[in-house]
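Q: One structure, pasted below without further comment.
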Amino acid sequence: MRFHIVFAHPEAASLNAFLRDRALSALRAAGHEFTQSDLYTMGFKAVADGADCPDDNADPLIYHAATRRAHALDKLSADILAEQAKLLAADVIVLQFPLWWFGMPAIIKGWADRVFCSGFAIGVPHIHKRAWRRYGEGPLEGKLAMLAVTTGAKSAHLSDRGEHGPIADLLFPINHGLLHYAGATVVEPFLIHGASSLSGLEADRFAATYCERLLDIDAATVIPYRSENGGAYRRGVLVEDTAAGSGFALHIGEPVRSADEEQL
Ligand SMILES: Cc1cc2nc3c(=O)[nH]c(=O)nc-3n(C[C@H](O)[C@H](O)[C@H](O)COP(=O)(O)OP(=O)(O)OC[C@H]3O[C@@H](n4cnc5c(N)ncnc54)[C@H](O)[C@@H]3O)c2cc1C
């Protein structure tokens with residue numbers, strides 16, 4: 001299997017870097033191929049702007065349209081093309097970062113804004129039917145995706161009744177809005193809560209669990225987000241008898257036991 005880890009932490013001596021290093025060692029030892037985008041070390045440009053389509057001089061800049069044209073002509077900036085190529089070559093995509101202000105650090109949010117551009121992940125049409133290839137279909141179809149996230153808050157505070165809101169809801173925009181949108185099969189995240197003050201022993205145990213999760217990724221529990229073209233939606237809205245209530249959970253369908261079974 002070929003893994004691609006997108007890593008966002010500014011400090012090489014951080015807990016996150018320790019976990020990432022252990023994960024890469026475990027993948028190497030198990031004979032897996034892997035690539036990595038260590039965004040801070042790469043100095044990855046986190047802001048979307050006209051430089052992302054260097055040969056497109058349209059004024060005013062309409063980023064969505066300009067990146068769409070540049071994608072069609074293979075003229076996106078080299079750093080975006082390289083990131084898209086790494087995603088397309090991977091079987092498993094892992095986004096690893098500390099939770100910052102209820103979401104991704106800016107550098108990886110910017111990576112998502114720029115790499116998942118129009119034409120690549122947005123506005124990809126079906127050839128034979130009038131529909132978009134998104135929410136279960138798209139460039140990442142057939143690939144597994146997992147978030148690996150550390151939080152300062154304790155698990156109870158990120159539970160259904162916790163004051164910060166459920167972690168599943170905080171991660172929904174990334175899991176559903178980015179990864180499932182682009183077609184990936186999304187598995188339950190690897191989470192370390194209360195990560196701001198861990199002993200060396202605790203960090204070591206968490207690193208071992210992270211490695212196990214990666215090496216056993218086929219057995220991971222899939223989050224069964226509904227497919228846009230699978231019948232649950234009509235014109236982008238859930239059909240009435242699909243599910244009752246409100247909120248993000250409505251977009252999760254019947255459980256699938258593991259990534260293995262989902263891929264069958
Ligand atoms: C801007 C900002 C916004 C934030 N917003 C949120 C938020 O919305 N929600 C939330 O829950 N939290 C939030 N946090 C907290 C943040 O999620 C945690 O600080 C982070 O997850 C900890 O991961 P780290 O890699 O930075 O840990 P580090 O700070 O590098 O380390 C954490 C602990 O692990 C210990 N440790 C043990 N073994 C090792 C080892 N081998 N290597 C390195 N360290 C080790 C360190 O000594 C330290 O005590 C925020 C933090 C920032 C800076």
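The values are calculated or read from the model by the stated rules, or taken from the named source; none is laboratory data. None of the values given here were measured: they were computed from a predicted structure. All Cβ positions, even for glycine, are placed from backbone atoms using ideal geometry, and neighbour counts span all protein chains on display. Ligands, DNA and RNA are excluded from the accessible area calculation, which covers all protein heavy atoms including side chains. Shrake-Rupley method; radii C 1.70, N 1.55, O 1.52, S 1.80 Å.
Q: About the Cα centre, and with charges only on the beta carbon of Lys, Arg (+1) and Asp, Glu (-1), how big is the dipole of the chain? Nearest 20 debye, please.
A: That gives the chain a dipole magnitude of about 340 debye.
Q: How large are Rg and Dmax for the range 63-176 when only the alpha carbon atoms are used, in Å?
A: 16.3, 49
Q: Still on this structure, I have one more. Could you grab the Rg to Rh ratio for the range 1-100? Cα atoms only, Kirkwood for Rh.
A: Working: Rg = 16.2 Å, Rh = 15.3 Å.
The Rg/Rh ratio comes out at 1.06.
Q: With a 1.4 Å probe and all protein chains left in place, how much accessible area per residue does the range 1-111 have, in Å²?
A: For the range 1-111, the per-residue accessible area is 48 Å².
Q: So, one more: How much net charge surrounds Y233 when only the other residues with a Cβ under 15 Å from the Cβ of Y233 are counted, with Lys and Arg +1 and Asp and Glu -1?
A: Net charge in that neighbourhood comes out at +3.
Q: Still on this structure: According to the square roots a ≥ b ≥ c of the eigenvalues of the Cα gyration tensor, what is the shape class of the range 117-236, taking rounded for a/c under 1.5, prolate for a/b larger than b/c otherwise, and oblate for the remainder?
A: Prolate is the answer for the range 117-236, as a/c is 1.5 or above and a/b outweighs b/c.
Q: Just reorder H64, H157 by solvent-accessible area, largest first, 1.4 Å probe, all chains present.
A: Per-residue accessible area, sorted high to low, gives H64, H157.
Q: In the range 42-184, what percentage of the DSSP-assigned beta bridges are antiparallel, given to the nearest 5?
A: Working: 2 of 10 bridges.
Among the beta bridges of the range 42-184, antiparallel pairing accounts for roughly 20 percent.
Q: Oh, and also: Starting from the Cα coordinates of the range 187-264, work out the convex hull volume and express it per residue in Å³.
A: 118 Å³
Q: For the range 136-164 and the range 68-122, write down the distance between their C-alpha centroids in whole Å.
A: What the calculation gives is 18 Å, centre to centre.
Q: If amide hydrogens are placed 1.01 Å from N in the peptide plane, which non-local residues have theirs closer than 5 Å to the one on R2?
A: Correct list: D91, V92.
Q: In Å and whole numbers, how far do the C-alpha atoms of the chain stretch along each principal axis, longest first?
A: 54, 48, 39
Q: Using the Karplus curve 6.51 cos²θ - 1.76 cosθ + 1.60 with θ = phi - 60°, what ³J(HN,Hα) values do you get for each residue of the range 228-240, in whole Hz, with x for Gly and Pro?
A: Calculated HN-Hα couplings, in order: 4, 9, x, x, 6, 10, 10, 6, x, 10, 4, 5, 4 Hz.
Q: Next question, about the same structure. What distance in nm separates the simple spin-label points at A58 and A203, each placed 7 Å from Cα in the Cβ direction?
A: Going from the A58 label point to the A203 one covers 4.8 nm.
Q: Using a Cα distance threshold of under 26 Å, what count of lysine pairs results for the chain when pairs must be 8 or more residues apart or interchain?
A: Total qualifying Lys-Lys pairs in the chain comes to 12.
Q: Follow-up. I'd like the chymotrypsin sites (Phe, Trp or Tyr not before Pro) in the range 101-169 restricted to DSSP loop residues with at most 15 other Cβ atoms within 10 Å, sorted by number. Before the final figure, lay out each step's value.
A: Numbers: sites: W101, F102, W111, F116, F120, W132, Y135; in loops: W101, F102, F116, F120, Y135.
Loop-located and lightly packed - W101, F102.
Q: Along the range 18-27, what does the Karplus equation 6.51 cos²θ - 1.76 cosθ + 1.60 (θ = phi - 60°) give for ³J(HN,Hα), rounded to whole Hz, x for Gly and Pro?
A: 3J(HN,Hα) across the range 18-27, in whole Hz: 4, 5, 4, 4, 5, 5, 5, 4, 5, 5.
Q: Shifting gears a bit: Normalised by the residues of the chain, what does the relative contact order come to in percent, with Cα pairs under 8 Å and at least six apart?
A: It rounds to 19 percent for the chain.
Q: Report the relative contact order of the range 39-183, percent, no decimals, based on alpha-carbon pairs under 8 angstrom and at least 6 residues apart.
A: Relative contact order, the range 39-183: 26 percent.
Q: Set the Förster distance to 41 Å, then compute FRET efficiency between D49 and S14 from the Cβ-Cβ distance, nearest 0.05.
A: That pair, D49 with S14, gives E of 0.90.
Q: Restricting the count to DSSP beta bridges whose residues both fall in the chain, what percent are antiparallel, rounded to a multiple of 5?
A: Of all bridge pairs located within the chain, approximately 25 percent are antiparallel.
Q: Pull up all non-local amide H partners of Y233: gap of 5 or more, or a different chain, and H-to-H distance under 5 Å with H placed in the peptide plane.
A: Residues meeting the criterion, in which the H sits 1.01 Å from N, are V239.
Q: Could you tell me the relative contact order of the range 131-248? Use alpha-carbon pairs under 8 Å, at least six residues apart, and round to a whole percent.
A: Details: 142 pairs, mean separation 39.6, N = 118.
Result for the range 131-248 is 34 percent.
Q: Once amide H atoms are placed 1.01 Å from N in the peptide plane, what residues at a sequence separation of 5 or more from D38, or on another chain, have their amide H within under 5 Å of its amide H?
A: When sequence neighbours closer than 5 places are left aside, the close amide H contacts are F7.
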